[in-house]
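Asks: Provided herewith is a single structure, encoded as structure tokens, for subsequent inquiry.
The values are calculated or read from the model by the stated rules, or taken from the named source; none is laboratory data. Since this is a predicted model, take the numbers as computed values, not measurements. All Cβ positions, glycine included, derive from the backbone under ideal geometry; neighbour counts span all protein chains shown.
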Amino acid sequence: MANFLSDLLFFFQRLNWLSVVDIFLVTLIFFALLYIIRDTQAMMLLRGVILLVVFVIFLTSLLNLPAFSWLINTTLPALLLAIPVIFAPEIRRTLERIGRAGAIIPANKQSTEVKLEEMVQALISATARLSARQHGALTILQRLDNLEEFVETGVRMDTLITPEVLLQIFYPNTPLHDGAVIIRDFRIAAASCIMPLSASGILSHSPEREMGLRHRAALGISEVSDALALVVSEENGDISIAQSGRIIRQLSSERLKNILLAFYGPSGLIRGAGMLERYLPFLFRRKEEE
């Protein structure tokens with residue numbers, strides 16, 4: 001105990017403002033990395049790597065294993081080189097988020113606000129009617145990340161957003177109802193698009209069983225981009241929205257309108273990803289309590 005207190009006193013004696021800044025920067029970097037990969041498949045991989053490293057250190061420190069130690073020392077450089085390959089999607093998304101920090105918002109603010117209001121009204125009207133009829137729907141709203149690779153998987157349309165068009169697209173058994181509609185530049189870019197399915201496992205821990213492929217696709221596209229994903233359940237007509245790997249369910253039209261205006265508008269584009277949880281935490285707390 002005396003040695004510990006002596007070492008602690010020695011540490012504080014050598015501590016200065018530059019050391020505090022140094023420790024703060026390192027802590028900030030680790031916090032940012034953990035925050036980015038939370039609730040993703042990378043988090044599970046990171047846990048596995050940490051457990052493996054702890055096990056190896058514990059084993060080699062207790063026992064004299066020359067052959068095993070040689071194997072670890074030989075393969076360790078290769079494992080370090082493999083980390084960028086294993087975490088490549090997370091690294092790419094991190095760099096994209098850094099690049100979005102300098103994104104430029106269109107100069108014609110008044111015209112943008114008018115188009116945004118018209119688009120939101122059309123989406124609210126169509127979503128409410130789809131919910132009442134229990135017609136499943138998945139609508140993706142592009143923000144700063146380009147979704148061209150997903151547009152190419154569907155049928156290009158480039159048409160105005162109206163409730164009638166959306167209702168016709170998602171009418172059961174029509175050619176375009178299966179898949180997602182992608183909206184960009186306040187127009188319907190394509191329909192029947194294929195989205196990546198989420199691998200985070202969030203939905204598998206949910207007690208509700210009516211969340212199927214549409215909800216997994218909504219979470220999936222929100223994990224690989226900053227897009228907003230609007231879902232109407234075919235089972236019960238519930239309205240949900242996903243962003244940045246999070247999903248809010250059982251939304252009313254008023255709450256949905258507020259979210260769309262906040263996160264699809266120019267101010268939401270500037271603030272970037274991760275805001276759905278940061279600025280509307282009460283929505284997530286409510287779902288957790290339920």
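Asks: Please determine, by comparing only the residues of the stretch 114-162 that are buried (at least 17 other Cβ atoms within 10 Å of the Cβ) and hydroxyl-bearing (Ser, Thr, Tyr), which one is nearest to residue 234 (Cα to Cα).
Replies: Step by step, filter the stretch 114-162, then rank; the result is 131.
Asks: Quick test for you: out of 204, 198, 192, 240, pick the one residue that is more than 26 Å from residue 114 (Cα to Cα) and modelled with pLDDT of 90 or more. Before the answer, list the steps.
Replies: On the way: 204 fails: modelled with pLDDT of 90 or more; 198 fails: modelled with pLDDT of 90 or more; 240 fails: more than 26 Å from residue 114 (Cα to Cα).
Just one listed residue meets the conditions, 192.
Asks: Follow-up. Tell me, please, whether a residue that is in a helix (DSSP H, G or I), of a type in the set (Lys, Arg) and either surrounded by 10 or more Cβ atoms within 10 Å (Cβ to Cβ) or modelled with pLDDT under 70 (or both) can be found in the stretch 33-47. Don't jump to the end; show me each part of the working.
Replies: Of the stretch 33-47, the ones in a helix (DSSP H, G or I) are 33-36, 41-47.
If we keep only those that are of a type in the set (Lys, Arg) too, we end up with 47.
Restricting the remaining residues to those that are either surrounded by 10 or more Cβ atoms within 10 Å (Cβ to Cβ) or modelled with pLDDT under 70 (or both) gives 47.
For the stretch 33-47, residues in a helix (DSSP H, G or I), of a type in the set (Lys, Arg) and either surrounded by 10 or more Cβ atoms within 10 Å (Cβ to Cβ) or modelled with pLDDT under 70 (or both): present.
Asks: Look through the stretch 236-256, keep the residues that are without any contact (Cβ under 8 Å) to a residue 60 or more places away in the chain and assigned to a helix (DSSP H, G or I), and return whichever of them is surrounded by the fewest Cβ atoms within 10 Å (Cβ to Cβ).
Replies: 254
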